[in-house]
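S.K.: What follows is a single structure, and I will ask about it in a moment.
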Amino acid sequence: MILLVLVINSAYCLQFGYEAEKGQQICFTDNFSKEDVFDIRISANSSNYGVKIAEANSQSIDSLYDRKGSWEHNYQYQSTSATAHVRYCLTNFENDFIMFNITYKTGSELANMGKVAKISDLNQMGGIIKKLNTQLDDIKRERSFLIEKFDYMSKLQGSISKKQMAFGFLCLGLSMIITVITVNMIKRILRLKKES
């Protein structure tokens, strides 16, 4: 049993709901021309459902979004094809009914088109992302160099500590030998003075 509720609210968006039975898949489609934009929000009374969005143009079928296991799904897309046919499918994996609430905006219905990313914006972001990746690689290399240097310094410090300890014991030993010899010499000198 499918329950369809259609409401157009003051924000000029289309809101509707479906009630899907156990294992049922519900699909709907829309047609777009180049640079048309849509924004879809899907929520349900369970997280045990899947959302698939695909675009079919004259050459191929491209999967745009395929996710499961969330209470709410949000997706925004700008068409790049001259004509595109977009298909949205919702699948109920629950053992009971699920009520889907869908808010769907396209084209001029989107409240502020200035905030919608265009393909040219994404190309600029691609250059920025490449620069960030390069900087991140540099940071990783510097970090690994610092870690290696720290390890080397730790080993060096350990070997210096061992050498310092050996030198300290050697000095202590020599001091004891010198002390024993000095004490014996003083005793001998004192004995010689007593005898004379």
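The values are calculated or read from the model by the stated rules, or taken from the named source; none is laboratory data. Because the structure is predicted, anything quoted here is derived from the model rather than measured. Using ideal geometry, Cβ is built from the backbone for each residue, glycine included, and neighbour counts are taken over all protein chains shown.
S.K.: Is it the case that Ser47 is assigned to a loop (DSSP other than H, G, I, E, B), modelled with pLDDT of 80 or more, within 32 Å of the chain's Cα centre (by Cα) and more than 17 Å from Tyr77 (Cβ to Cβ)?
M.R.: Working: assigned to a loop (DSSP other than H, G, I, E, B): yes; modelled with pLDDT of 80 or more: yes; within 32 Å of the chain's Cα centre (by Cα): yes; more than 17 Å from Tyr77 (Cβ to Cβ): yes.
Yes: the conditions hold for Ser47.
S.K.: Return the residue satisfying two criteria in turn: it lies in segment 75-131 and is surrounded by 13 or more Cβ atoms within 10 Å (Cβ to Cβ) and basic (Lys, Arg), and of such residues it is modelled with the highest pLDDT.
M.R.: Top of the filtered list is Arg87.
S.K.: Still on this model: Tell me yes or no: at least one residue of segment 47-66 is under 18 Å from Glu21 (Cα atoms), in contact with an Asp or Glu (Cβ under 6 Å, 6 or more places away or on another chain) and touching a residue at least 12 places away in the same chain (Cβ under 8 Å). Lay out the reasoning, then the answer.
M.R.: The first filter runs over segment 47-66 and keeps only residues under 18 Å from Glu21 (Cα atoms), leaving 47-52.
Next, only the ones that are in contact with an Asp or Glu (Cβ under 6 Å, 6 or more places away or on another chain) stay: 48, 52.
From what is left, the residues that are touching a residue at least 12 places away in the same chain (Cβ under 8 Å) are 48, 52.
So far as segment 47-66 goes, yes, one or more of its residues are under 18 Å from Glu21 (Cα atoms), in contact with an Asp or Glu (Cβ under 6 Å, 6 or more places away or on another chain) and touching a residue at least 12 places away in the same chain (Cβ under 8 Å).
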